[in-house]
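Colleague: Mind looking over this structure? Questions follow.
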Amino acid sequence: MSINLPTTQLPKEPRFSLRRVMLAASQEATGTKTTSYLVTTIFAGSLYAFVSYLIIKNVPASWLIPAWISLSFGFALSFSPLRYGAEEIIRQLFPYADYDSHQLIKRLNSISYSSLTLERLTTHFFQEFEVNLSIDQILFLILDKDGQRTTRLHGFQTVPDLQPLQIQELIKATHQKPVLIHHIHPDHLRHQLEAHHIGLVVPLTNNESLQGLLLLGSKTNHHSFTTKDLKVLEAIAPKVGFAIQNAREYERVNAHNQELINTLERANQKLRDANQKLQHDDKLKDEFIYVATHELKNPVTAMRGYLSLIEEGRYGSIPPELTEPLTQVVSSNQQLITLLNNLLQIARIEATNITFTTKPIAICEVIDQVIRDLKALAEQKGLNIIHSCVNPAITIIGEKERLREIVSNLLSNAIKYSETGDIEVSYKIDQDTLVTSVKDQGVGISEKDQKMIFTRFFRVEEEAAKGIPGTGLGLFIIKEIVERMQGKIWFTSTLGKGSTFSFSLPLARSYSLKTE
Ligand code: ADP
């Protein structure tokens, strides 16, 4: 590959100066190391010959052999330090010849391969050029397919304002090779570049298309660019072209990714806002339900009081034709009170993170009381409640009222959803918990419905359960209560055969059940 280097641009020096010879040696051979080797060899050889001469002249014949042996050792030992010394002197004398072009190409290659961004690529190139070529101004003019350009500059105070037409002229002037400023035509373009102290223009192609131009400022040591510099730049230009293309690809993908991340972030933010609003609305709704329920409960309870007085005959005897409607009103009123109580209970549980005041409770006693309350209801349906309390002393940890609520709910359900058979309450100790079970031989629950049974407002729509009044809130509430008392609730059921609802609560201390 030939380089357009005009002789007028080479350093003007005497034809046979030592400096010129050394420089040529350092450029045409492999740099400082070869030159220093040459210098050291000449110097050490001369020294050796001179000392040999002195030895022959002055040392007696019997000492000649040991003297030469010593001289040989001295020569062998001193060559290396002498060579490093020579290298250092050459480095000082010819700073611009002071780089190993192979090493530099290797480093620039590795920068080209490893730099993912234009910023990193251009910064590292600048550092290498600054150290090795004494250039403190470089400008990457990166060209897009659509004629757009981006500039990356290091060291320049002002950027040459090149118009698209001038860039085209500059591209033409380079003939796809590094070109010194003095070879740039037309003149106005050259003058414009010279005004910014640009010394060299390197086109950067990736073998297919031009990716940009590298504009190098003049050398800080006022030397001209050498053939070696141009060879290095010519060798590295296609790699830089590829690196620019890759970096642009990477930056494009990165920008696209960033755009995606931003879009996701915006969508996320919208979701968060919507969620917050929903939570706020939900809270408002809960508050509304709580207030409305609370306000409704007073008149409905008052009605219950008046209905009881009417039933007792305080307002006179009830005409026979009103007995049936009155029973209906009382039952509906009772349902309404249950519903309002349930809603209030849920609102209380959800609005506050309530924890219950837990104490040891004699569970058999509480269950006996609940059974007494519900006995009449069960007997009306011909159902028998069996309470197998084998150890009345057994105590669990919980809140008495809430325990009553749990058992009352499970027993009421067992009565409500059974037409025949016994209802049995039994106990079992499982490690440090007491498992209480309420077993009935009622309508049972289908497998399909079992998954939903503890869901708020869920009611089974099987024929057998139809028409039985309820709110679908009882099991949801007691599950919350059991869990807040550190327990668990579950059930097994077979449609048409009956269900067993069980809950566990922590034992106050260890017990043994005789039936275990
Ligand atoms: P409610 O009984 O007021 O409808 P629950 O939450 O107590 O509400 O019960 C939810 C549903 O579970 C009931 O509608 C009923 O279909 C079913 N269920 C509850 N207990 C039993 C049971 N012991 N036997 C059969 N089905 C039951």
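The values are calculated or read from the model by the stated rules, or taken from the named source; none is laboratory data. Everything numeric in this text was worked out from a predicted model, so none of it was measured. Ideal geometry is used to build each Cβ from the backbone, glycine not excepted, and the neighbour counts take in all protein chains shown.
Colleague: Please determine whether any residue of segment 313-333 is aliphatic (A, V, I, L, M), farther than 29 Å from ASP286 by Cβ and part of a loop (DSSP other than H, G, I, E, B). Give the steps one after another, and end with the answer.
Modeller: Just the residues of segment 313-333 that are aliphatic (A, V, I, L, M), to begin with: 318, 322, 326, 329-330.
Right, trim to farther than 29 Å from ASP286 by Cβ and you get 318, 322, 326, 329-330.
Still in the list and also part of a loop (DSSP other than H, G, I, E, B): 318.
Yes, segment 313-333 has at least one match.
Colleague: Restricting the search to segment 450-471, which residues are polar (S, T, N, Q), in a loop (DSSP other than H, G, I, E, B) and more than 7 Å from the ligand (Cβ to nearest atom)?
Modeller: To start, the set of residues in segment 450-471 that are polar (S, T, N, Q) comprises 450, 455, 471.
Right, trim to in a loop (DSSP other than H, G, I, E, B) and you get 455, 471.
Matches in segment 450-471: THR455 only.
Colleague: What are the residues in segment 454-484 that are farther than 16 Å from ILE346 by Cα and either within 45 Å of the chain's Cα centre (by Cα) or in contact (Cβ under 8 Å) with a residue 24 or more places away in the chain (or both), if any? Don't jump to the end; show me each part of the working.
Modeller: Going residue by residue through segment 454-484, those that are farther than 16 Å from ILE346 by Cα are 459-469.
ARG459, VAL460, GLU462, ALA464, ALA465, ILE468, PRO469 - these are the residues of segment 454-484 that are farther than 16 Å from ILE346 by Cα and either within 45 Å of the chain's Cα centre (by Cα) or in contact (Cβ under 8 Å) with a residue 24 or more places away in the chain (or both).
This table checks each residue for (1) touching an Asp or Glu at 6+ places or on another chain (Cβ under 7 Å); (2) in contact (Cβ under 8 Å) with a residue 40 or more places away in the chain; (3) not in a helix (DSSP H, G or I).
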| position | (1), (2), (3) |
| --- | --- |
| THR357 | yes, yes, yes |
| VAL366 | no, yes, no |
| VAL370 | no, yes, no |
| GLU379 | no, no, no |
| GLY382 | no, no, yes |
| ILE396 | no, yes, yes |
| GLU401 | no, no, no |
| THR436 | no, yes, yes |
| LYS448 | no, no, no |
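Colleague: Right, here's the next one. Being in contact with a strand residue (DSSP E or B) (Cβ under 6 Å, 6 or more places away or on another chain), away from the ligand (no atom under 16 Å from the Cβ) and closer than 22 Å to GLY474 by Cα narrows it down to one residue among LYS400, LYS375; which is it? Step through it out loud before you land on a result.
Modeller: Details: LYS375 fails: in contact with a strand residue (DSSP E or B) (Cβ under 6 Å, 6 or more places away or on another chain).
The unique qualifying residue is LYS400.
Colleague: Here's another thing I want to ask about it. Any idea how many residues of segment 168-208 are farther than 17 Å from GLN137 by Cα and among the small types (Gly, Ala, Ser)?
Modeller: Residues flagged as farther than 17 Å from GLN137 by Cα and among the small types (Gly, Ala, Ser) within segment 168-208 amount to 1.
Colleague: Taking the condition over 48 Å from the mean Cα position of the chain (by Cα), away from the ligand (no atom under 16 Å from the Cβ) and within 18 Å of ILE481 (Cα to Cα), does LYS359 pass? So that I can check it myself, show each step before the final result.
Modeller: Numbers: over 48 Å from the mean Cα position of the chain (by Cα): no; away from the ligand (no atom under 16 Å from the Cβ): yes; within 18 Å of ILE481 (Cα to Cα): yes.
So LYS359 does not fit the description; no.
Colleague: Hey, among SER115, SER134, which residue is at pLDDT 85 or above and under 21 Å from GLY241 (Cβ atoms)?
Modeller: Details: SER134 fails: under 21 Å from GLY241 (Cβ atoms).
The conditions single out SER115.
Colleague: Go through segment 366-389 and count every residue that is in contact with a helix residue (DSSP H, G or I) (Cβ under 8 Å, 6 or more places away or on another chain), closer than 13 Å to GLY421 by Cα and not hydrophobic (A, V, I, L, M, F, W, C).
Modeller: 2
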